[in-house]
Each structure stands twice: as structure tokens, then as C-alpha cells.
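Okay, structure first, notes after.
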Amino acid sequence: MPSEVVIEDKTAVEQLRLIQKMEDEDKQTIFKLIDKMLPKIHYWQDKIWLKLSLPP
């Protein structure tokens with residue numbers, strides 16, 4: 001069992017390197033979570049941007 005790594009303390013490039021070292025099943029789980037969350041993040045960013053760009 002590998003030692004525990006706190007991925008939040010790493011840069012994005014380091015995080016991707018660590019993910020690439022994972023077993024395929026774990027790696028796929030991470031990428032599925034990211035794929036699921038990205039549309040939600042973009043939705044809220046667009047909604048906030050629209051609200052900020054409209055006149056009061």
C-alpha cells in the first residue's frame with residue numbers, strides 16, 4: 001500500500017502526475033468525478049457572470 005499523499009497541497013501539474021500513477025480503476029473514478037462536476041461549475045460560473053454583467 002503506498003503512503004498517503006495530500007493532493008490538495010500540490011500544484012495542478014503535480015496533481016495530474018499523482019493521478020496518472022494511480023491504478024486504472026481509481027484513475028477512471030477520479031476522471032468520472034471531474035467530468036461530472038465540470039458542467040456544474042461552468043453552469044454556476046455562467047450564472048454568476050450573467051448576474052454581474054446585467055445592469056441593476
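Which of the residues that make up the range 8-30 are surrounded by fewer than 11 Cβ atoms within 10 Å (Cβ to Cβ) and touching a residue at least 12 places away in the same chain (Cβ under 8 Å)?
If the condition is that a residue be surrounded by fewer than 11 Cβ atoms within 10 Å (Cβ to Cβ) and touching a residue at least 12 places away in the same chain (Cβ under 8 Å), then no residue fits.
Going through the range 22-56 one residue at a time, which ones are charged (D, E, K, R), part of a helix (DSSP H, G or I) and under 27 Å from Val6 (Cβ atoms)? Spell out the reasoning first.
Within the range 22-56, the subset charged (D, E, K, R) is 23-27, 32, 35-36, 40, 46-47, 51.
This time we only want the ones that are part of a helix (DSSP H, G or I), so: 24-27, 32, 35-36, 40, 46-47, 51.
Those that are charged (D, E, K, R), part of a helix (DSSP H, G or I) and under 27 Å from Val6 (Cβ atoms): Asp24, Glu25, Asp26, Lys27, Lys32, Asp35, Lys36, Lys40.
Any read-out appearing in this document is the output of simple, stated calculations on the displayed coordinates, not a laboratory observation. Everything numeric in this text was worked out from a predicted model, so none of it was measured. Neighbour counts run over all protein chains shown; Cβ positions are idealised from the backbone, glycine included.
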